[in-house]
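*Asks:* Starting off with a structure, shown below.
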Amino acid sequence: MEKRYGLPTAIAMVIGIVIGSGVFIKGGKVLALTHGNMAQGVLVVGIVGLICIICSLVFAELGSKYEKVNGVVDYAEVALGPTYSYYVGWFMTTIYYPCLAAMLAFFSAVFFLALFDIPALDFFVTGTVRSEALALGAGFLMIGYGINAISPKLAGKLQVSMTVLKLIPLCLMAIVGIIVGLKSGATAKVLDYVNSAEYATAVEGTTSFQGVFSGVASFAFAYEGWIIATSINSELKDAKKNLPLALIFGALFCTVLYCLYIFAMSSVGDVDTIIGTWPLGEKLPKIAFSNIFGNTVGTIVYAFISVGCLGVMNGLIMGSSRGMYSVSARGMGPRPEFYGDIDKQNGFTIKSTIIGMMFAGFWYAWTGFIWMYGPDFMGGLHNCLWIAWEPDEISIVNLYAMYIPMFIALISKGKGENVFKRFILPILGVACCCFMVYCCWVGKGYQQVCGYLIFFAVVMFIGYLFKNSKKA
């Protein structure tokens, strides 16, 4: 492809892809998981950012050697061959993309309802999610897939405009929030909370970093997208030098901005209010912005966050719409000649988009009626940890686990490279991925992890049955 992008553009692309709604959704949750310990909350953000930087650099090394690769499935094929890349593609198509798209549709509904002070969750009374949130989220999901199927160009333009809206509230809070919090004494009050009797009671019976491990597994959602950023290497000028630099500077910018934003939440001044935004933390940004800018401006900024959340959903739908096509283009999966076909009218993969929407519908139902416990439909299943695992977070950690064989393969294939590129960098990548898996095991518990792995094995077995099926 044409070498069209320089380093500044590449850095901007990395930032635009990585920054999404995750920091708004998971920020309050991380602070709740760390029991209001602001230092540990910022530590979580820094740890995940470091993991993101190291793992992206390993892929950048692969990209600099094989400039035709674009995306994780291509990287898997370069590292371990077409069979492994097929299973990675099958996972991305059936679980990763549609699952995250479904979760973002629901999160978008939660944010929009909060704009009008309509509660989406009723966890503390009935333990359920309201029908209004489920219906609105389903509508967002169907509209998103409809736009991508009918007008992929429009979907791309929406993605660019929504990216700008995501940066406005982050930068505002990162700068103004910290200044206001320090000046008013609210920040000092929150930081001092770790010395209180309430904090000692909250963490009693847990290990010192139990909340950090749980937070790392949760906040990985906020950084997800960096792997997509590595796909620009074939269009990047002097990719061998510029791709690693773009990833480093882009990821550092995101990490610093995220840390400042989380720290700025201390401007709320009341740890009980921060923790009380559990389980999603979606109310925390509105509370913080309203305290600083007033209700009107706070609501407007919160509306930007809501639109930005839809932007992330749209980006995931764009990936999901191409999922089955990416598998079929390799001559694998169910009926590759059918699902690999590009519609002549709009030059897009409509059949692949329909399959993506069907998978997303499945995950939306799973999320709403099992994990989130929709209006009394699934009842006790919500309380069964073997089934009611949080699909977005655990599937992201699953992807990190799939990186491990690829990083090990880089060691064996890196003949002629220096010690750092062949051994140190991939080994650090493996260590980061293993740490992420460990955090998931500790944070989620063996029941949720094992329950998910059983489900994952079933999905991969179905993929095995379709692997070389031309007429299935």
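The values are calculated or read from the model by the stated rules, or taken from the named source; none is laboratory data. In this text the structure is predicted, and so the values were computed from the model without any measurement. Using ideal geometry, Cβ is built from the backbone for each residue, glycine included, and neighbour counts are taken over all protein chains shown. Heavy atoms of the whole protein, side chains included, go into the accessibility calculation; ligands, DNA and RNA do not. Shrake-Rupley method; radii C 1.70, N 1.55, O 1.52, S 1.80 Å.
*Asks:* For each pair in LYS26/LYS444; LYS29/LYS183; LYS240/LYS421; LYS26/LYS286, compute the distance between the two Cα atoms and list the pairs where it is over 18 Å.
*Replies:* LYS29/LYS183
*Asks:* Quote the convex hull volume per residue of region 10-121, based on C-alpha atoms, as a whole number of Å³.
*Replies:* 144 Å³
*Asks:* To continue, here is another question. Quick check for me: using +1 on Lys/Arg Cβ and -1 on Asp/Glu Cβ, what's the dipole size of the chain about its Cα centre, in debye to the nearest 20?
*Replies:* 1500 debye
*Asks:* Based on the alpha-carbon gyration tensor of region 420-464 and its eigenvalue square roots a ≥ b ≥ c, which shape applies: rounded if a/c is under 1.5, prolate if not and a/b is larger than b/c, or oblate?
*Replies:* In terms of gyration-tensor shape, oblate.
*Asks:* Same structure, new question: What's the center-to-center distance, using Cα atoms, between region 186-215 and region 377-451 in Å?
*Replies:* 27 Å
*Asks:* Which order do you get for LYS415, LYS166, LYS241, LYS344 if you rank them by accessible area with a 1.4 Å probe, largest at the top?
*Replies:* So, going from the largest accessible area down, we get LYS344, LYS415, LYS241, LYS166.
*Asks:* Here is a further query. Quick check: residue separation of PHE461 and PHE362 times 0.36 nm, minus the Cα distance between them. What number comes out in nm?
*Replies:* 33.8 nm
*Asks:* So what's Rg/Rh here for region 238-300, counting alpha carbon atoms and using the Kirkwood radius for Rh?
*Replies:* That ratio equals 1.21.
*Asks:* Right, here's the next one. Tell me, what is the percent relative contact order of the chain, built from C-alpha pairs under 8 Å that lie six or more residues apart?
*Replies:* 31 percent
*Asks:* Could you give the size of the charge dipole of region 381-472 about its Cα centre, using +1 on the Cβ of each K and R and -1 on the Cβ of each D and E, expressed in debye and rounded to the nearest 20?
*Replies:* That gives region 381-472 a dipole magnitude of about 580 debye.
*Asks:* Check LEU121: other-chain or 5+ apart residues with amide H under 5 Å from its amide H, H built from backbone geometry?
*Replies:* Amide H neighbours of LEU121, under 5 Å, 5+ apart: ARG130.
*Asks:* In terms of solvent-accessible area of protein heavy atoms at a 1.4 angstrom probe, what is the ranking of GLU393, GLU224, highest value first?
*Replies:* GLU224, GLU393
*Asks:* Which angle between 0 and 90 degrees, to the nearest 10, do you get for helix 7-18 versus the longest principal axis of the chain when only C-alpha atoms count?
*Replies:* Taking the Cα atoms of the chain, the angle to 7-18 is about 70 degrees.
*Asks:* Largest first, please: the extent of the C-alpha atoms of the chain along each principal axis, to the nearest Å.
*Replies:* The Cα atoms of the chain stretch 61, 53, 42 Å along their principal axes.
*Asks:* Once fully extended, how much extra length lies between PHE338 and ILE179, figured as 0.36 nm per residue of separation less the alpha-carbon to alpha-carbon distance?
*Replies:* That works out to 51.5 nm of additional length.
*Asks:* Treat each spin label as a single point 7 Å out from the Cα along the C-beta direction, and report the ASP270 to PHE435 distance in nm.
*Replies:* According to this spin-label approximation, the distance is 3.6 nm.
*Asks:* Moving on. Between region 294-318 and region 1-53, what is the C-alpha centre distance in whole Å?
*Replies:* Distance between centres, Cα-based: 17 Å.
*Asks:* Moving to a separate point now. If you take the square roots of the eigenvalues of the alpha-carbon gyration tensor of region 349-470 and sort them as a ≥ b ≥ c, do you get rounded (a/c under 1.5), prolate (a/b over b/c) or oblate?
*Replies:* oblate
*Asks:* Please label the shape of region 163-225 as rounded, prolate or oblate, based on the square roots a ≥ b ≥ c of the eigenvalues of the alpha-carbon gyration tensor (a/c under 1.5 means rounded; beyond that, a/b larger than b/c means prolate, else oblate).
*Replies:* Because a/c hits 1.5 or more and a/b fails to exceed b/c, region 163-225 counts as oblate.
*Asks:* A follow-up question, please. Under the rule of -39500 (n - 2.57) per DSSP H run of 4 or more residues, summed and divided by the residues of the chain, what mean residue ellipticity at 222 nm is obtained, to the nearest 500 deg cm²/dmol?
*Replies:* -22500 deg cm²/dmol
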